[in-house]
Amino acid sequence: MIDFDVVTLSRLQFGLGALFHFLFAPLYVGLSMLLAIVEAAYVITGREIWWRTTKFWGAIFAISFAMALATGIIEELQLGTHWANFSRYVGNVFGAPLVLEGLAALLLESVFVGLFILGWQRMSRAGHLVVTCLVALGACLQMLWISAVNAWMQNPVGAHFDHRTMRMERGSFAQLLLNPAALGKFIHMLAGGYVLGAVFVLSISAWYLRRARHLEAARCSITVAAYLGLASSLALAVLGDQVGYVAGDNQTITIAAIEAQWHMEKPPAASALFGASDLVEHTKLRIISGIDAYKALQVLRSAAPDTDDPDAMTSDEARRRFLAHEADLGYGTLLLRYSGDPAQATAQQIDDAARSTIPDVAVLFWSFRVMAVIGMFLIALFATAVYLVVRRRFDEPAWALKIAVGSLPLPWIAAIAGWIIAESGRQPWVIEGVLPTFLAASQMSTGTAWISLLGCTAIDVALSVVGVHLILRAIRRGPESGVSSA
């Protein structure tokens, strides 16, 4: 039975918020690149069909952008309501990238999205194409900052814990941005958005073809979606492998859980070299080291650390010991879930804390396989679409159109599975090896947490219903409706 304490409710609220955000955010990212390609075809050829196709997908892009922005704001507000301790602990690190992400979304993208919608009759063809390309660039920049923040939570580099402020302090912004986990994650997320956008366009266009509606626009859309989707899905597969390699360096136990590898294998191993049970023993050593860091920190935080007790640490000794064990402080704080004083923890409590670092193996194992199977299927789908486009067989075979239409939800399922892997695989940490999740939540009553959960979820549901309704209405009207009808 689930214990709905404040931490569980906070995680549930953030998870639900992310799910609603995922309905729209990857879609507008994917459509932004497709719009740039379609409008470029219009500027080059001058054919009206490309203009109508651009305006049609632009209408859906504008809706998804607005909904992603609204649901994203609600999700970020939760950092202050449900995750106040986390916000205080990492505010100095997260402040700059989150501000830059906000500038990219609220200023750069919003301005250029407005120009995209209203500038058709006020700008030249080339000028409007530049605006559309800047919209796509804004989506990329927003992904960049989000990736940098999330990658830091997986691999916290470029920052250090300051015992005087009792929080993480950013050291090198360049190191934060150039985090080894950030670049691969950024391109992986960006390619995932392009795949989702391409599947969306492919599915809706196939639906039009099956009903003999908007045939010319559907054929143009399928052509662009097929090539963009194939390139993006192949890049996604390659970069997903690279993201796994990076995670193997600092999240070994997560990789072991994904592979369901419980015991160590001698090389050449079938999957992970280290098993989860072997890593637990290594974690115990880090927890013991973390206890030393915790003891030293208590002395440094004391107003009068020096006493007459000959066994007590002096300030200088505490500082030396803390610096020697600082990297394992987070592991020491894991014991706060089992003992009021980590310095007095028993061997059983240390063992319990070490075993708590094993994430949910079943969830990770199956989420990864669902994501991988969908990824392979989509590569085959796009390869088939490219083949049919080259052969100019847009309306046949009928089974291909049915499969394309039925594939619409698959990239969303894969994206959610990937998000589960990234976030659940990091548990019990909100920041890998630094801050346990149970210490990151706000200090509030369970009743307050329930009110916040239900209130934010109700807003997200209302926004999502409106957004989906507007998108479906635009699809029913078809390409002739243009941006103004949305």
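The values are calculated or read from the model by the stated rules, or taken from the named source; none is laboratory data. This one's a predicted model, so the numbers in the text were calculated from it and none came from an experiment. Glycine gets a Cβ as well: all are built from the backbone with ideal geometry, and neighbour counts include every protein chain shown.
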### Summary
Per the list (1) farther than 19 Å from Ala327 by Cα; (2) crowded, with 19+ Cβ neighbours inside 10 Å; (3) modelled with pLDDT of 90 or more, residue check on Ala422 breaks on (3)
### Query
Among the numbered criteria (1) over 30 Å from Leu236 (Cα atoms); (2) without any contact (Cβ under 8 Å) to a residue 40 or more places away in the chain, which single criterion is violated by Val390?
(1)
### Message
Among the residues of the range 440-455, are any closer than 30 Å to Val157 by Cβ and part of a helix (DSSP H, G or I)?
### Response
yes
### Task
Collect the residues in the range 163-195 that are touching a strand residue (DSSP E or B) at 6+ places or on another chain (Cβ under 7 Å) and at pLDDT 85 or above, keeping them in residue-number order.
Met168, Glu169
## Note on the structure
Residue hits (the range 76-121; under 26 Å from Gly30 (Cα atoms) and not in a helix (DSSP H, G or I)) are Gly119, Trp120, Gln121
### Task
Quick one: which residue in Phe112, Phe186, Phe173 is farther than 24 Å from Glu75 by Cα and of a type outside the set (A, V, I, L, M)?
Phe173
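One line per residue, one yes/no per condition, for (1) modelled with pLDDT of 95 or more; (2) touching a helix residue (DSSP H, G or I) at 6+ places or on another chain (Cβ under 9 Å); (3) over 16 Å from Gln78 (Cβ atoms):
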residue: Ser452; (1), (2), (3): no, yes, no
residue: Cys456; (1), (2), (3): no, yes, no
residue: Val466; (1), (2), (3): yes, yes, yes
residue: Ile471; (1), (2), (3): yes, yes, yes
residue: Gly478; (1), (2), (3): no, yes, yes
### Query
Between residues in the range 448-461 that are of a type in the set (Gly, Ala, Ser) and residues that are in a helix (DSSP H, G or I), which pairs lie under 7 Å by C-beta distance while being six or more apart or on different chains?
Ala449/Val6; Ala449/Leu9; Ala449/Ser10; Ser452/Gln13; Ser452/Thr81
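Every residue, every condition in (1) part of a helix (DSSP H, G or I); (2) surrounded by fewer than 19 Cβ atoms within 10 Å (Cβ to Cβ); (3) among the basic types (Lys, Arg), yes or no:
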| position | (1), (2), (3) |
| --- | --- |
| Val130 | yes, yes, no |
| Gln142 | yes, no, no |
| Ile146 | yes, no, no |
| Phe161 | no, no, no |
| Arg164 | no, yes, yes |
| Ser203 | yes, no, no |
| Leu209 | yes, no, no |
| Cys220 | yes, no, no |
| Leu228 | yes, no, no |
